[in-house]
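Working notes, structure below.
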Amino acid sequence: MRKYVSFRVGINSSQFNTVYALLIIYCIFIFFMAFFILLHYHVRNVIIYQPGNEVKIAKEAAESSKEISQLNEEKSSQESTIANLNLEINRCNEIITHLTNELEESKSRTRLAEAQFDGLKDAIRSLQEENEEKTKLSQRLLDETIAEKEKFADQFNTMNDTIEKLRKENEMLRSLSKMEKSWFGLPKKGLLAGAAGLVGGGDAKSKNDPEEESMERKWGVVGAVVPSQPQFTVKAHRDDATSVRYDGTNQNLVATASSDATIRVWDTGNGQLQASFSGGGSHPMLGVDISGGVVCGCGADKTCRVWRYDTKRMIHQLAGHSQKITCVRLFAGEKNIITGSADRSIRIWDISRHIYK
């Protein structure tokens, strides 16, 4: 209250005159506005109530109503069009939103595919490097294998030369041994008497008849006695037997091969069948060999099969000849096999490493 009083008291005469002038101007403005409004209504009433203007006004009112109805219809149509456009806009917005989401998902998939592609490139590069390393290793192993084959071939040739040399020496020794003996097993000192007996047609026996009789069934330079009758006669196969081989490792075993596509092992002590092995289907077995615990057989199916005697299981099937294999032999140590074929080739197999030498 004190502030208000102090405010009222603080107004000077110049400020009061200004406020009073503004009030007068406002009142004059109000007066003129009222005058113009009254004049407008008066003129309007005069125009409306003039004679002859009622029909015109009614016609104009009807046209105006018609235009208003048309405008309303257009408005309704436009409103429906606007509503449809709004729906279409909303649908387009939804489609845009869906496409945007799909675009973002496609971008993420593209980034993932790029990452996977980079990973695949790295994997391919790694595989290529590994392949190059393995190729180099394979080439090195091939070179080493070729060198080993050449080495073994040289050793084999040397061994063949040694065997041929020993065979010639053996034949020479046998010829010398035969020269020291008489004909038909007679001693050297009775040679003339035997010859005379043959020429005279009489009995050529001399005083040495007992010694001559004791040497009748002796064979070879070591004096081995040839058996006069078989110990066992065995019906070994259904078809004809094509090969027989004795085990030289003191196991008293004999292996036989037959055209019935089987290989059988027999005990020489009692003549009983110990094992039977089947070859390639109905192809005849043409060769056989046995040594220790290994049995091998070859046949007309161009392969050579190797079995373990103790387990009766096949451990190798050697294929490489282009025609039937006619013979097979095991080397000492049961590690190498040599085969001969009708394709005019001889092959050596290392059954300890599964490779062709």
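Since every read-out is calculated from the coordinates, none of them should be taken as a lab result. What you see is a predicted model; the values in this text were computed from it and never measured. Neighbour counts run over all protein chains shown; Cβ positions are idealised from the backbone, glycine included.
Can you list residues from other chains, or at least 5 along the same chain, whose modelled amide H is less than 5 Å from the amide H of CYS327?
Excluding prolines and chain starts, which carry no amide H, the hits are GLY340.
Mind running the shape call on the range 227-330? Use the C-alpha gyration tensor, a ≥ b ≥ c as the square roots of the eigenvalues: rounded below 1.5 for a/c, prolate if a/b tops b/c, oblate otherwise.
It comes out prolate by the Cα gyration axes.
Starting from 0.36 nm per residue, how many nanometres of slack lie between PHE29 and ARG238 once their C-alpha separation is accounted for?
Full extension from PHE29 to ARG238 adds 60.5 nm.
Using a Förster distance of 45 angstrom, determine the FRET efficiency expected from the C-beta separation of ILE89 and LYS136, and round it to 0.05.
Step by step, r from the Cβ atoms, then E = 0.05.
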